[in-house]
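Structure first, commentary second.
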């Protein structure tokens, strides 16, 4: 079940994560966004589809408002002549730049010029983002806090090879205080799922904790896109107690 997702399964607490790649046929672009959470406010969320965009939305607004709403509610995946994905409101800026360059690295650099890591002391959660452009071009990025308080920004061009993907997360994977930011380059993953539903289930299972008392899973969204320009895609979402599928 976890073949190719061992690097994810080994993380006790990854925070938020993005996987970008191509399915084994080489025909479908794949984007996966997953949320794990420890606080009550973070857990009071779900992923929903609104007009082709995947959003984080509250399941309990009273509980969610105990956290920082600006950091908890945002468009996570946007599809239109490209795919933009992130763990925050920077998704909107990436969306605006999808058609302004044929270079995915440039798209992420320009769209995040004025963004910094999240102001959630003491973790200072990194902002992770990604994009896929037509003709199999993709990139991932991370903005994290340096020891002097400044922002460190890394952008990685991602080769899109059949059955292969790259993953980036907000945290290193340890469940500790404070949380350590993700280190190094995006990790290799294998994309064994033949459709959005199957791939989402594989990731959801990889996120399962061996300690049933500490199941941090909140939601997973998976996009399979046959033609980005023509907006041909399937989306499958797993929330804690429901499954949602959307086909366009």
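Restricting attention to the stretch 96-113, and to residues there that are within 19 Å of residue 74 (Cβ to Cβ) and touching a helix residue (DSSP H, G or I) at 6+ places or on another chain (Cβ under 8 Å), which single residue is surrounded by the fewest Cβ atoms within 10 Å (Cβ to Cβ)? I'd like the intermediate steps shown before the answer.
Going residue by residue through the stretch 96-113, those that are within 19 Å of residue 74 (Cβ to Cβ) are 96-98, 107-108, 111-113.
Applying the additional criterion that residues be touching a helix residue (DSSP H, G or I) at 6+ places or on another chain (Cβ under 8 Å) yields 96-98, 107-108, 111-112.
Values: 96: 14, 97: 20, 98: 22, 107: 31, 108: 30, 111: 25, 112: 21.
Restricting to residues being within 19 Å of residue 74 (Cβ to Cβ) and touching a helix residue (DSSP H, G or I) at 6+ places or on another chain (Cβ under 8 Å), the top hit is 96.
Being under 28 Å from residue 23 (Cβ atoms) and surrounded by 15 or more Cβ atoms within 10 Å (Cβ to Cβ) is the filter; apply it to the stretch 146-162 and report the residue that is modelled with the lowest pLDDT.
This residue is 160.
Among (1) surrounded by fewer than 14 Cβ atoms within 10 Å (Cβ to Cβ); (2) in contact (Cβ under 8 Å) with a residue 24 or more places away in the chain, there is one condition residue 218 misses while meeting the rest; what is its number?
(1)
Within the stretch 1-93, which helices (runs of 4 or more DSSP H) (wholly inside it) include 1 or more residues that are surrounded by fewer than 24 Cβ atoms within 10 Å (Cβ to Cβ) and within 14 Å of the chain's Cα centre (by Cα)?
Working: elements: 6-9, 40-43, 61-64, 69-72.
It comes to 6-9, 69-72.
Within the stretch 175-201, track down each residue that is farther than 20 Å from residue 87 by Cβ and free of Cβ contacts under 8 Å to residues at least 12 places away in the same chain.
Within the stretch 175-201, just 198 meets the criteria.
Answer with yes or no whether residue 168 is in a strand (DSSP E or B) and surrounded by 22 or more Cβ atoms within 10 Å (Cβ to Cβ).
yes
Among the numbered conditions (1) at pLDDT 95 or above; (2) surrounded by fewer than 16 Cβ atoms within 10 Å (Cβ to Cβ); (3) under 16 Å from residue 29 (Cβ atoms), tell me where residue 135 comes up short.
With (1) at pLDDT 95 or above; (2) surrounded by fewer than 16 Cβ atoms within 10 Å (Cβ to Cβ); (3) under 16 Å from residue 29 (Cβ atoms) applied to residue 135, the lone miss is (1).
Quick check on the stretch 91-102. Is at least one of its residues under 24 Å from residue 42 (Cβ atoms) and in contact (Cβ under 8 Å) with a residue 24 or more places away in the chain?
Within the stretch 91-102, one or more residues are under 24 Å from residue 42 (Cβ atoms) and in contact (Cβ under 8 Å) with a residue 24 or more places away in the chain.
The values are calculated or read from the model by the stated rules, or taken from the named source; none is laboratory data. The model shown is predicted, which means the values in this text are computed figures rather than measured ones. FYI the Cβ positions are ideal-geometry reconstructions off the backbone, even for glycines, and counts take in every protein chain you see.
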